[in-house]
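Below: the structure, in structure tokens.
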Amino acid sequence: MSLNGYERETIVSMNDADDTAFIYTAQRKLITRLKHNKAAILVSEGKFDDSVWAKFVIPAAFVSFRSVRPHHEQSKEQQEASAARMRQMNERKYRSGVRDGWPSCIG
């Protein structure tokens, strides 16, 4: 019998005194990603019934907790104004002879 979804957890342990983070995980996808990460050092791995687990050490600076940016919905008027600004920018760019970031005299 393997671990259920709630039991296949990941634990990240770190503190202010060490510059390393310890990761225990029973999630196959994360185990694979950490094994391919050159900064992650595999400390131990094993099997609990039919579920795999692994312990890693990585530099604490590599641990990042990202928050999701709120997606702002634009009204039709805002979309049209953005499109008009982009058209103006493109017209100025092409009139000045700059295409793809290179002046036309460079080729």
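The values are calculated or read from the model by the stated rules, or taken from the named source; none is laboratory data. Since this is a predicted model, take the numbers as computed values, not measurements. We place every Cβ from the backbone using ideal geometry, glycine too, and count neighbours over all the protein chains shown.
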query: Does any residue of the range 26-43 turn out to be of a type in the set (Val, Ile, Thr) and either touching a residue at least 24 places away in the same chain (Cβ under 8 Å) or out of contact with any strand residue (DSSP E or B) (no Cβ under 9 Å at 6 or more places or on another chain) (or both)?
result: yes
task: Scan the range 1-25 residue by residue and report those that are free of Cβ contacts under 8 Å to residues at least 24 places away in the same chain and among the β-branched types (Val, Ile, Thr).
output: Thr10, Ile11
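Return the residue satisfying two criteria in turn: it lies in the range 62-78 and is within 28 Å of the chain's Cα centre (by Cα) and surrounded by 10 or more Cβ atoms within 10 Å (Cβ to Cβ), and of such residues it is farthest from Asn37 (Cα to Cα).
Among those that are within 28 Å of the chain's Cα centre (by Cα) and surrounded by 10 or more Cβ atoms within 10 Å (Cβ to Cβ), it is Gln74.
Okay, residues lined up against (1) within 25 Å of Met1 (Cβ to Cβ); (2) modelled with pLDDT of 95 or more:
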residue	(1), (2)
Phe22	no, yes
Gln27	yes, no
Asn37	no, no
Val43	no, yes
Gly46	yes, no
Asp50	yes, no
Lys55	yes, yes
